[in-house]
Each structure stands twice: as C-alpha cells, then as structure tokens.
Amino acid sequence: MVVDYRPLGRTGVKVSPLCLGGMMFGRWGDNGPDETAKLITRALDAGVNVIDTADVYSAGESEELIGRFLAANGLRDEVVLATKVHGRMGEGPNRGGNSRAWIMRAVDDSLRRLRTDHIDLYQIHRPDPSADIDETLGALTDLVRAGKVRYIGCSTFPAHQVVEAHWAAERRQRERFASEQPPYSILARAVEADLLPVCRRYGMGVLAWSPLAGGWLSGRYREGAELPRSRRAALLPARYDMELEANRHKLAAAERLAVLAEQAGMSLVQLALQFVMQHPAVTSAIIGPRTIEHLDSHLRALDVRLTPDVLDAIDEIVPPGLTINPADTGWRPPELLDPALRRRP
C-alpha cells in the first residue's frame, strides 16, 4: 500500500492518514511488551509514522511500553510521538488538570516513561474550566522553548475554546495549538458543524479519535446478533446500554452502514475509517487496535476510497453534523452537568 503523508497543520511535519493509538497498550487492552512490540512493528512497516498515547492510559504503562520499544530498537526519530496531559494521575488535588504546576511535573514524568528527551506533540487531553487558558499556554510555551516539546495541541475542545486559545496566544505571544483531537465518526458528526471548520480556518491539524465509534462500526454490532460484551461497555453504559433509545438508534444506523459497505465491496471498518480520512479537515484517524487482526483490518482502509455516491448514502443514514448519542461527544461542559450553574439562587 502507498501511504499519502499529510501535513500536520502548518507545522511542516508530515504524518500518515492513520495514527496508531496507544490506549490498548498495557493492562487496559491486556497487552504486554511482546504484544505491543508486534503492533507497533506492523504499523510502522505499513507506513504509519505517528503514535499517540496519554499519561493516563493504563496509569502510564502505555507510555512505558512505547518508550521501551522505540528506545530498544533505535526508532525514536522515525516516529512522530504524541502524548497528552490532564487526566488524574494518583491521589491529591493537584495531580491532574491544566495548571502550570501539574503540566510541568507531568511532562517530566512522561519524558521519563517514554525514554526520550522531547515529545513531538504534547496535547491537553480535555478542557479544564478551573485553569485560565493563558496559564496553560504559558506553561506549554515554556516547554517548547526549553526543548522538551516540539508542538502543542488540544483534545476534545469545543470550537469556542479553540478560538479563545488562539486569541490568547496572539495577545500574549504564546505558542498556539497546532492540532486538535476530537471524537469523529459516522455516528458522531457534531464536530462537522463548527470545530472542523474552525480547525481549517486556523490551520490546525486534526487527529480524529474513535473513528469506529467505540467499536460500533467494527462490524460486531448487527441487528439480530448477540451484542458483544466488553470492559468498555461495562464502564460506559451511557454509550452502550441498549435500554437507551439513543443506542438503539446507533444500532439501527450501524446495521444500515454495514449493508452499505457490503454493497460497496468493502468492510464496515474500511467504510468508517475512510469516511473520517476523506474529510478535508482531518489529518489522521487514530486507530486503537488490541490485536494484530484488528490492526490489519484497520490498515486495509488505506486501500479503498469512498465514491460520492457512497458518501451521499452515508449522509442519508446519518445526516451531516448529527451525533446520534450525545454521550459520544467525549466531553460535556460543567454547565450541562451541574444544575447550580444554570439556575439563579
């Protein structure tokens, strides 16, 4: 297969249209050093050159396994290495979030686990309403100037906060976010309405996470078949509980998409991944395979292309801008979760 490398925003860095996600490396995916090494090797051999992880994945174990493999095989400089900060890492009120205090500590922990002296793309994993964006950008700017980080990005930020971050960077002479990492799939298309256009306007790269909608577009969710059981489904019932109407709608859409894929002569995985990769704002789709078989099915998406007729048929099944289940948006503002923020005392 021939890989069409794409520019990561305006950084000048070229990355593959598929990005190897590290969430399944470590105990979350029941993958140890040998399994992780096989997955990374197969991905690199196929032309994938960007690996994305986060400090919270298996409590740092994902970073450790990736760093160990790259260092042992002299491959650190062959990949664009991305990780994230924000999630809680242990006990204590300040062991998480987007404050300068935590970012400065967390980056050194990630560098140690990754066995490298720099991170190519250091991303803020989620918004933190308690931290001023200038506080966060100031810390990240210092890390870039210190050489510990090459570029900075954000993940699952709403469009207005991306704009606010760019304004703050311009006014305060801070480093600006070079990329955004949103949830994006055929079943979760809300970002098409505002976030993706904002990223294009500001010249940001886009690394789309969950392009298979958390497994819903893997081909395993079919009407009339026994639904798969997984640790993820048990932990996130709002996204998988079939007692919920939104999830029944997702199942119906997944069934129609599976039929469409068969008619188009491809797998549902190929259809779903190519849909994401063909959006003009998307730089790379993040895949999170747990096994070699999963990875191979994902890599085959590079061999197909969706025609306008197929894309039109997808739009009929899930209209542009629609996320069938709001729980799939990845982050909900506190104003929606806390009634006290919506009501005068």
Of all the residues that make up region 33-44, how many are open to solvent by 10 Å² or more (accessible area, probe 1.4 Å) and out of contact with any Phe, Trp or Tyr (no Cβ under 9 Å at 6 or more places or on another chain)?
4
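Yes or no, residue by residue, for (1) closer than 18 Å to K84 by Cα; (2) more than 21 Å from the chain's Cα centre (by Cα); (3) open to solvent by 50 Å² or more (accessible area, probe 1.4 Å):
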residue: H125; (1), (2), (3): yes, no, no
residue: K148; (1), (2), (3): yes, yes, yes
residue: A188; (1), (2), (3): no, no, no
residue: L195; (1), (2), (3): no, no, no
residue: C199; (1), (2), (3): no, no, no
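Residues are listed down the side, and each one gets a yes or a no for (1) in contact (Cβ under 8 Å) with a residue 40 or more places away in the chain; (2) open to solvent by 40 Å² or more (accessible area, probe 1.4 Å); (3) under 15 Å from the mean Cα position of the chain (by Cα):
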{"site": "G22", "(1), (2), (3)": "yes, no, yes"}
{"site": "A46", "(1), (2), (3)": "yes, no, no"}
{"site": "E63", "(1), (2), (3)": "yes, no, no"}
{"site": "G87", "(1), (2), (3)": "no, no, yes"}
{"site": "G96", "(1), (2), (3)": "no, no, no"}
Residues satisfying the stated conditions in region 1-12, i.e. at pLDDT 95 or above and either within 21 Å of R68 (Cβ to Cβ) or in contact with a Pro (Cβ under 7 Å, 6 or more places away or on another chain) (or both):
R6
Taking region 219-250 and keeping only residues that are farther than 21 Å from I287 by Cα and crowded, with 21+ Cβ neighbours inside 10 Å, one is left with N247
In region 65-85, anything buried (at least 24 other Cβ atoms within 10 Å of the Cβ) and either under 19 Å from I292 (Cβ atoms) or small (G, A, S) (or both) is listed as L65, I66, A82
Do any helices (runs of 4 or more DSSP H) lying entirely in region 260-340 carry at least 3 residues that are open to solvent by 20 Å² or more (accessible area, probe 1.4 Å), over 20 Å from L187 (Cβ atoms) and not hydroxyl-bearing (S, T, Y), and which ones are they?
292-299, 334-337
Could you check how many residues of region 165-186 are without any contact (Cβ under 8 Å) to a residue 60 or more places away in the chain, assigned to a loop (DSSP other than H, G, I, E, B) and under 17 Å from the mean Cα position of the chain (by Cα)?
1
Restricted to region 249-265 and to residues being of a type in the set (D, E, K, R) and in contact (Cβ under 8 Å) with a residue 60 or more places away in the chain, the residue nearest to P308 (Cα to Cα) is R256
Candidate set from region 55-73 (those that are small (G, A, S) and in contact with a helix residue (DSSP H, G or I) (Cβ under 7 Å, 6 or more places away or on another chain)); member that is farthest from R300 (Cα to Cα)
G60
Pairs needed: first member in region 286-300, of a type in the set (A, V, I, L, M); second member anywhere, open to solvent by 50 Å² or more (accessible area, probe 1.4 Å); C-beta distance under 7 Å; at least 6 residues apart or different chains.
I292/K38; I292/R42; L295/R42
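The values are calculated or read from the model by the stated rules, or taken from the named source; none is laboratory data. Because the structure is predicted, anything quoted here is derived from the model rather than measured. So basically every Cβ, Gly included, is an ideal-geometry build from the backbone, and we count neighbours across all protein chains shown. What goes into the accessible areas is simple: the full protein's heavy atoms, side chains included, and nothing from ligands, DNA or RNA. Shrake-Rupley method; radii C 1.70, N 1.55, O 1.52, S 1.80 Å.
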